[in-house]
Amino acid sequence: MKLTRRAMLGGIAAGVVLPRGPLRAGTQELRAAVGQVQLAPAEYPATEMWVYGGSAPGPLIRAAQGGRVSRELVNDLPRPTTVHWHGIRLENAMDGVPGLTQEAVAPGGRFAYDFAVPDAGTYWYHSHFKAIEQVSRGLAGPLIVDEPEPPEVDRDLVLTLSDWRLIDPAAISGDFDNMHDAAHAGRIGNFVTTNGEAAYSQPVRRHERLRLRLINTAPGRIFELSVQGLSGWIAAVDGMPLEQPLPIGQMFVAPGGRVDLIADVTGEVGQEAFVLEIFQGEGFALAAFPIEDGGGARRGALAALPPNPAQLALPQPGEARSVPLRIDGGAMRGLREAVFRGETLDGQALAQQGIFWALNGQAGAPPDPMAEVARGETLRIPIVNQTAFPHAMHLHGHHVREVLPTGGMGPARDTFLVDPGSVREIAVLLDNPGDWLFHCHMLSHHAAGMGTWIRVV
Ligand SMILES: [Cu+2]
């Protein structure tokens with residue numbers, strides 16, 4: 001595999017000093033504001049971004065499993081905003097979906113988010129108000145929930161991946177409603193960063209065991225990942241431990257998805273190990289690990305991480321009601337018609353309003369849920385992707401499992417990639433009361449119609 005650096009070395013992300021408002025006792029602020037961030041390498045100008053806590057990605061939020069996350073959002077942006085805590089099973093009122101679970105927080109406003117974190121693992125937070133714009137401008141950050149007894153590793157590294165569309169030469173491109181993005185594969189950037197750096201590098205020692213928490217915060221990019229000079233396992237997907245860790249192989253991480261790798265440094269001293277993105281047949285370094293001497297001996301196999309409470313109660317698909325979800329639209333297939341804001345419109349009229357996709361014939365935010373269930377009910381949802389593009393379906397407040405053709409069930413996940421022209425059936429135990437968004441996490445697709453919701457009463 002040919003290995004090339006995506007960008008020149010340099011470009012350490014630097015924050016800005018922001019004005020501080022009054023703090024309420026005991027609650028940390030999460031301030032969303034416009035900031036100048038050195039996103040591109042140092043020889044380029046700083047980028048005006050919308051950021052949490054002055055940096056892109058936003059500050060790492062870390063809590064103990066069973067503990068709480070408390071942050072008061074302070075909106076210093078020129079637009080309304082909300083925060084969604086992706087993958088966390090929390091109470092509905094804290095889920096951060098404007099118009100469904102809360103009113104958007106106006107400029108100058110505040111909102112106290114406070115919720116328990118029942119499941120350990122790798123999560124993230126991001127704006128859910130006009131997310132295609134606000135995430136593409138930088139409003140995203142990592143959220144880690146620690147196991148009471150974490151697995152024994154030498155380093156626990158959070159690698160927040162994103163891509164950015166930079167123009168002239170380092171400004172965030174303002175074409176958030178780009179029709180081509182909306183009708184095709186979503187907004188794909190031209191500049192990829194790990195933890196806000198174009199050339200993330202972390203020295204390691206030979207035979208060290210690393211936990212690498214990869215988070216795809218990009219607005220549309222599916223990261224195909226590989227490693228070099230590292231050997232180990234996929235230990236968790238979307239925060240949830242795999243019952244049997246899988247050897248690291250080909251990995252596709254959907255926008256919004258996460259993967260936890262536990263890997264030993266097996267490359268030679270003096271060389272570098274890498275996490276790579278495979279893009280158009282070439283490998284690009286997302287993270288470089290220069291290998292130094294002095295590590296210990298090679299370790300044995302990895303034991304599975306303890307399952308989360310979310311994984312203990314399995315959905316019972318055998319007895320479950322089936323509610324199919326049909327995805328229509330997009331370039332090359334087109335949308336014949338759909339219901340949008342109460343009106344049935346043809347594809348041309350929809351396109352004029354920036355709508356290119358429909359779920360079960362409804363586009364946008366339908367007034368009625370795709371399903372209403374009693375708490376504790378399992379639903380089967382065959383997802384029928386009749387379009388020419390993959391979609392990253394994300395259900396809020398729950399984890400789902402694929403019903404495999406063999407009859408078994410796949411790993412618990414909150415963000416589920418459905419390939420073009422395919423049918424993938426999921427089962428979900430809906431045990432969290434409230435109104436839960438179910439949408440495509442290609443944020444241009446969501447903005448162009450791909451959202452519905454499920455009511456649990
Ligand atoms: Cu999509």
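The values are calculated or read from the model by the stated rules, or taken from the named source; none is laboratory data. Bear in mind that the values here come from a model prediction, so they are computed numbers and not experimental data. Virtual Cβ from ideal backbone geometry, glycine too; neighbours counted across all protein chains shown. In case anyone asks, the SASA skips ligands and DNA or RNA and just uses the protein heavy atoms, side chains included. Shrake-Rupley method; radii C 1.70, N 1.55, O 1.52, S 1.80 Å.
Once both labels are positioned 7 Å from their Cα atoms along Cα-to-Cβ, the gap between GLU282 and ALA64 label points is 4.8 nm. With the simple spin-label model, which puts each label point 7 Å out from Cα in the Cβ direction, the MET332 to GLU319 separation comes to 4.3 nm.
Mind ranking 443-450, 176-183 by how tightly packed they are, going by the mean number of other C-beta atoms within 10 angstrom, highest first? Mind showing how you got there, number by number?
Working: 443-450: 29.0, 176-183: 19.5.
Output ranking for 443-450, 176-183: 443-450, 176-183.
Put a plus charge on the Cβ of each Lys and Arg, a minus charge on the Cβ of each Asp and Glu, and nothing anywhere else: the dipole of the chain about its Cα centre is then about 140 debye. Label-to-label distance for GLN28 and VAL269 is 3.8 nm, based on points extended 7 Å past Cα in the beta-carbon direction.
A simple rule links phi to the HN-Hα coupling: the Karplus curve 6.51 cos²θ - 1.76 cosθ + 1.60 with θ = phi - 60°, which for region 256-272 gives x, x, 9, 9, 9, 9, 10, 9, 9, 7, 10, x, 7, 4, x, 9, 10 Hz, with x for Gly and Pro.
Once a ≥ b ≥ c are taken as the square roots of the eigenvalues of the Cα gyration tensor of the chain, is the result rounded (a/c under 1.5), prolate (a/b larger than b/c) or oblate (a/b not larger than b/c)? Rounded.
Between region 273-295 and region 389-457, the C-alpha centres lie 31 angstrom from each other. Only helices enter this figure: runs of n ≥ 4 DSSP H residues, each worth -39500 (n - 2.57), summed and divided by the residues of the chain, yield -1000 deg cm²/dmol at 222 nm to the nearest 500.
Report the calculated FRET efficiency for ALA374 and ARG205 (r = Cβ-Cβ distance, R0 = 41 Å), to the nearest 0.05.
Numbers: r = 54 Å, r/R0 = 1.31.
The value I calculate is 0.15.
Applying the Karplus relation 6.51 cos²θ - 1.76 cosθ + 1.60 with θ = phi - 60° to region 72-87 yields 3J(HN,Hα) values of 9, 5, 10, 8, 9, 7, x, 10, x, 7, 8, 10, 10, 10, 5, x Hz, where x marks Gly and Pro. The Cα atoms of region 237-359 give a gyration tensor whose axes a ≥ b ≥ c have a/c of 1.5 or more with a/b no greater than b/c, which makes the shape oblate.
Hey, what D do you get for region 364-404 in µm²/s if you plug the Kirkwood alpha-carbon radius into Stokes-Einstein at 37 °C and 0.692 mPa s? Diffusion coefficient, whole number: 253 µm²/s. Computed from backbone phi with θ = phi - 60° and the Karplus coefficients 6.51, -1.76 and 1.60, the 3J(HN,Hα) list for region 116-132 is 7, 10, x, 10, 6, x, 9, 10, 7, 10, 7, 5, 10, 9, 6, 4, 4 Hz; x is used for glycine and proline.
Any idea what the relative contact order of region 66-198 is, in percent, if you count C-alpha pairs under 8 Å spaced at least 6 apart? This gives 21 percent for region 66-198. Evaluate E = 1/(1 + (r/R0)^6) for GLU103 and GLU43, where r is the Cβ-Cβ distance and R0 equals 45 Å; express this FRET efficiency to the nearest 0.05. The calculated FRET efficiency here is 0.55. Computed with a 1.4 Å probe over protein heavy atoms only, the accessible surface of region 62-135 comes to 31 Å² per residue. For MET409, the residues 5 or more places off, or on other chains, whose built amide H falls under 5 Å of its own are LEU404.
In the chain, what percentage of the DSSP-assigned beta bridges are antiparallel, given to the nearest 5?
75 percent
Loop by DSSP (not H, G, I, E, B), at most 15 other beta-carbon atoms within 10 Å: where is the longest site-free stretch of the chain for GluC sites (Glu not before Pro)? Free of exposed loop sites, the longest segment is 269-457. Normalised by the number of residues in region 237-338, the average gap of Cα pairs under 8 Å and 6 or more apart makes the relative contact order 26 percent.
Amide hydrogen proximity for LEU39: with H placed 1.01 Å from N in the peptide plane, the residues at 5 or more positions away or on another chain lying under 5 Å are THR47. Distant-in-sequence amide contacts of LEU30, defined by a placed amide H-H separation under 5 Å and a gap of 5 or more residues or a different chain, comprise GLU72, LEU73, VAL74.
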